[in-house]
Amino acid sequence: MTTEIDAVRPQALHDDVPYAYATVAPAGRLVLTAGACPIDPDGVVVAPGDVTGQAAQVMANLEVVLREAGCSLGDVLRTTVWVASADRADLVTAWQVVRGAFGAWDPPSTLLGVTVLGFPGQLVEVEATAVRRS
C-alpha cells in the first residue's frame, strides 16, 4: 500500500476482516468504503433473518466508517446496496432503511438482489463513495 492512501479501520468495528473499512485517496478528499456489513464489534451477524434489522446495523456501521474517515452520510456521492434475496419486497425493505438514513440527501444508488453475501446469514451490505470536504 502506498503512503498516499489512508486505510480506515475504526476500533469500534470488528477488526478480524481481510479488508480496510474505507480508504481515503490522495489529497484526502475521495473516500471509498468497503461494503458495510450487519456485524457487531465481535464479528457476529446481527438480526438473523431480519432485513430491516440488518439494514439498520449496516447503516450504523457505515456511519462509523465515514465518521472515522472525516465524513458523514451527507458527504456520500453514491452507494451500492446488495440484498441477499430474490424477493423484491426484501429489496424494498432494505432500501427504505438505507434511504431513511440519508434524510433529505438522496445520493445516486444501485440496489441489487444477489444470491449470497460474505458472512453466514448476512442479508444486506452497503458500499459508499464519499468526499471529505476538508
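Some points to look at:
- Average Cα contact separation per residue, the chain, under 8 Å, 6 or more apart, as relative contact order %: 31
- Per residue of the chain, the DSSP helices (runs of n ≥ 4 H) give a summed -39500 (n - 2.57) that works out to -8000 deg cm²/dmol at 222 nm.
- Nearest 10 degrees, 0 to 90: helix 51-68 Cα axis against the chain principal axis: 0
- For the pair residue 88 and residue 42, the difference between a 0.36 nm per residue extended length and the Cα-Cα distance amounts to 13.5 nm.
- Carbon/sulfur fraction of accessible area - the chain, other protein chains in place, 1.4 Å, %: 54
- Crossing angle, helix 88-101 versus the chain [Cα axis fit, 0-90 degrees, rounded to tens]: 40
- Counting Lys and Arg as +1 and Asp and Glu as -1 over every other residue whose Cβ lies under 13 Å from the Cβ of residue 35, the net charge comes to -2.
- Debye-formula intensities of region 21-85, expressed as log10 I(q)/I(0) at q = 0.22, 0.26, 0.27 Å⁻¹, are -0.93, -1.17, -1.23 (one equal scatterer per alpha-carbon, no solvent).
- Protection proxy ranking of 87-96, 54-63, by the mean of other Cβ atoms within 10 Å over each peptide's residues and highest first, is 54-63, 87-96.
- The chain: radius of gyration and largest Cα-Cα distance (Dmax), Å: 14.2, 44
The values are calculated or read from the model by the stated rules, or taken from the named source; none is laboratory data. Note that the structure is predicted; figures quoted are calculated from it, not measured. Cβ coordinates were reconstructed from backbone atoms using ideal geometry, including for glycine residues, and neighbour counts include every protein chain displayed. Ligands, DNA and RNA are stripped out before the accessible areas are found, and what is left, the full protein with its side chains, is counted by its heavy atoms. Shrake-Rupley method; radii C 1.70, N 1.55, O 1.52, S 1.80 Å.
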